[in-house]
1. What do you reckon, is Thr69 over 18 Å from the mean Cα position of the chain (by Cα) and either open to solvent by less than 50 Å² (accessible area, probe 1.4 Å) or more than 25 Å from Pro16 (Cα to Cα) (or both)?
2. Here is a list: Ile128, Ile97, Ile118, Ile105. Which entry is open to solvent by 50 Å² or more (accessible area, probe 1.4 Å), of a type in the set (Val, Ile, Thr) and closer than 23 Å to Asp76 by Cα?
3. Is there a residue in the range 20-32 that is open to solvent by less than 60 Å² (accessible area, probe 1.4 Å), in contact with a Pro (Cβ under 9 Å, 6 or more places away or on another chain), aliphatic (A, V, I, L, M) and modelled with pLDDT of 90 or more?
4. Residue check: is Arg63 under 25 Å from Pro16 (Cα atoms), in contact with a Pro (Cβ under 8 Å, 6 or more places away or on another chain) and open to solvent by 40 Å² or more (accessible area, probe 1.4 Å)?
5. Buried (at least 16 other Cβ atoms within 10 Å of the Cβ) and of a type in the set (Gly, Ala, Ser): is that true of Ala84 in this structure?
6. All but one of (1) open to solvent by 90 Å² or more (accessible area, probe 1.4 Å); (2) of a type in the set (D, E, K, R); (3) under 15 Å from Arg87 (Cβ atoms); (4) in contact (Cβ under 8 Å) with a residue 24 or more places away in the chain hold for Arg47, so report the exception by its number.
Amino acid sequence: MTATHVLPEGFDFTDPDVNQEAVPHEQFRAAREHSPIVFVEQPWEQRSGFADESGTGYWAVTRHEDVSTISRNSKDWSTAENGAIIRFPGEMDRSQIELQRVILINQDPPEHTATRAIISRGFTPRSIAELEETMTQRAAT
């Protein structure tokens with residue numbers, strides 16, 4: 001089943017106007033029930049800068065179980081090529097997309113694993129407790 005059978009024509013989960021109005025719960029429900037992995041077409045200006053091989057839109061995965069499974073399978077599913085953000089405002093060029101690869105969520109193993117090992121040191125209970133003390137002192141000052 002295609003998006004046109006499940007979602008209103010031209011509907012895009014990433015449209016800021018849709019999300020400003022309200023979280024599109026009904027569209028998510030319809031997709032989960034009828035086509036839990038649905039392809040959403042996007043005009044060129046909403047996917048500018050993405051690799052040509054990426055096609056003309058994105059796959060919306062709407063069930064938690066599927067998202068969880070995909071999140072653990074970096075061999076078949078990747079954020080490295082275009083990043084985790086699937087819609088940018090205005091015109092982006094390829095170099096701007098590629099710069100985003102330094103962000104943890106836009107990395108696949110083994111880069112993700114190495115970066116996470118470095119970053120995770122700053123999120124230990126001890127590090128957070130020290131940060132909390134520092135921030136409390138700053139707020140009081």
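1. Spelling it out, it is not the case that Thr69 is over 18 Å from the mean Cα position of the chain (by Cα) and either open to solvent by less than 50 Å² (accessible area, probe 1.4 Å) or more than 25 Å from Pro16 (Cα to Cα) (or both).
2. Testing whether each residue is open to solvent by 50 Å² or more (accessible area, probe 1.4 Å), of a type in the set (Val, Ile, Thr) and closer than 23 Å to Asp76 by Cα leaves just Ile105.
3. No, because not a single residue in the range 20-32 is open to solvent by less than 60 Å² (accessible area, probe 1.4 Å), in contact with a Pro (Cβ under 9 Å, 6 or more places away or on another chain), aliphatic (A, V, I, L, M) and modelled with pLDDT of 90 or more.
4. Details: under 25 Å from Pro16 (Cα atoms): yes; in contact with a Pro (Cβ under 8 Å, 6 or more places away or on another chain): yes; open to solvent by 40 Å² or more (accessible area, probe 1.4 Å): yes.
So Arg63 passes the test.
5. Here the answer is no, as Ala84 does not meet what is asked.
6. If we test Arg47 against (1) open to solvent by 90 Å² or more (accessible area, probe 1.4 Å); (2) of a type in the set (D, E, K, R); (3) under 15 Å from Arg87 (Cβ atoms); (4) in contact (Cβ under 8 Å) with a residue 24 or more places away in the chain, just (1) comes out false.
The values are calculated or read from the model by the stated rules, or taken from the named source; none is laboratory data. Only a predicted model underlies this, so the values are computations on that prediction, with no experimental measurement involved. Ideal geometry is used to build each Cβ from the backbone, glycine not excepted, and the neighbour counts take in all protein chains shown. All accessible areas refer to the heavy atoms of the entire protein, side chains included, with ligands and DNA or RNA removed. Shrake-Rupley method; radii C 1.70, N 1.55, O 1.52, S 1.80 Å.
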